[in-house]
Amino acid sequence: MVRPEGRQPRPHPALSPAGHEPNPRRLTRRAARDIYLPSPSKDVSDESVDSIVEGSTEASPRGPEDEPVDSFLEVSLGLSASSLPETSDRARQAYEAIGRPLAGTTVVHVLGTNGKGSTAGFLADALAADDVDAGIFSEPHVAGSDRLSGIRVDGDPIPAPAYRRIAREIADAAPVEPSIREVETLVAAAYLDECNVDVAVIEAVISSGADVTAALDTDLVAVTTVGVDHTDVLGDTRDAVAAAMADAIPSGGTVVSGGGGEPGRVIRAAAVERDASFVHPLAPVTGVTAGDGLGLRITYRDHEIASGAVGHYQVGNVRVGATAAERLGVTEGAIVEAIRAFGRPGRMETVAAAPRTVVDGAHNPHAFRALAATVAPIDAPVTAVVGVLDKKNWAEMATIVPEFADDVIVTAPSGANPHDDAPAPPEAVAAAIPAPTAVVRDPVAATRRARGRTPDDGLVLVVGSFYVVAPVRAAFIDGGA
């Protein structure tokens, strides 16, 4: 990898047997200097900082060592997951208050209506294959409430004690009470900073009020697709969504954009305005359907690769990810390895056979149309288990379902925050689908029903929300249902 000009490599952190255990004082010491001793000209000894840190730590009672992270955030810290809308301004204030972690690190911000998680994961894999110390923050969609799996360094999730420690320090330091989304984003930034990663890959987190990750300093923005989703935050047209995404382009930075047409022109114009380099995705990345109709053979430059990617739409994600990787100086061989190993949990992932059962987090009309195109070549009966959130455009999604399914069972997402992520009523969704449907409210029971009414050579698709994918994946992979 080629490092940015003028940047020196940082030493590896000391590792504990359990994985990456950061210096327990680094963030707190920085926060102490920035918050308790705000004058940059004041000469402060390490001993003085230690005394301030110890005093401030003792003033904040800690929760139980084994307290689950969600409970710690909501109960011990008293943070809200629903009543406090996220705002990028408030997140930025908290980011500044804790010393702008990752400010000296190459940060890649991955945005897009669909494909963010796949592209971010692919890029992290390519960096790792090139022996680059890389960290990633992505929403842990298929891990239920396990926030730890969304923050990883060299594939290892953040330890729970480190998460709780950093979260408390952020909550104490923030000038205005932060939301849970803001805290988890800043925990990721602080932890990756403590682990001295060379590159941090950050997946955009769109929530009730903003893209919280836009508060971070970034160097390269990668845009996968531009469609209509999160209309309350991004707007209700593709051009409006593109303009909202373009706000994340850093001045003097780089943007790799896979969006075409007018949205692509919007992003390009924003790049020019901010004196940022605009990079088209690599043309020499193509793909053809292979094997059973779901697999892909991807051509990258002079390499033909049997990829772990499933679904032709992933070609665009590989194209954006490979272009971003090349801009970071990742070697061709490492990119080939990442293409070969491509695959993300909960994204066109097979969880059972006979009949083949695939879970996919497609959760908006744009993704449903891509799913229909993926399934089109398959000459076999397809049963879909569909569950969606009420805030999504489920009425339009319902009209697309017959394009990829012969038989439909509607279910209800489970485990979501009932205030922000309420399930769409299954009966209403079923009524909107122009095809015969059944309703089974539990996602796992619905999937078992679908498998029972699908021949062994058929296909069962579980789609509509990661809150549907997560319990089904857990039941069939972990529980052997």
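Coordinate-derived values only; no laboratory data. If you're wondering where the values come from, they're calculated on a predicted model, not measured in any experiment. Cβ placement follows ideal geometry from the backbone for every residue including glycine, while neighbour counts extend to all protein chains displayed.
For E403 and D89 in the same chain, what is the full-extension length gain: residue separation times 0.36 nm, less their Cα-Cα distance, in nm? Walk me through the numbers on the way to the answer.
On the way: separation 314, 0.36 × 314 = 113.04 nm, distance 4.19 nm.
Using 0.36 nm per residue and subtracting the Cα-Cα distance, I get 108.9 nm.
Distance between the modelled labels on R453 and E396, one decimal in nanometres: 2.9 nm (7 Å Cα→Cβ projection).
Within the set of other residues whose C-beta is less than 14 Å from the C-beta of P402, count the net charge using Lys and Arg as +1 and Asp and Glu as -1.
On the way: positive: R369; negative: E396, E403, D406, D407.
Here the charged neighbours net out to -3.
Neighbour counting of Cβ atoms within 10 Å sorts the residues H109, H280, fewest neighbours leading, into H280, H109.
Working from Cα pairs under 8 Å separated by at least six residues, relative contact order for region 295-454 is 17 percent.
Quote the FRET efficiency, to the nearest 0.05, computed for S277 versus R301 with a Förster distance R0 of 22 Å and r equal to the Cβ-Cβ distance.
Numbers: r = 21 Å, r/R0 = 0.95.
The pair S277/R301 has a calculated efficiency of 0.55.
Stretching S80 away from A422 to a fully extended chain increases their span by 121.5 nm, per 0.36 nm per residue minus the current alpha-carbon distance.
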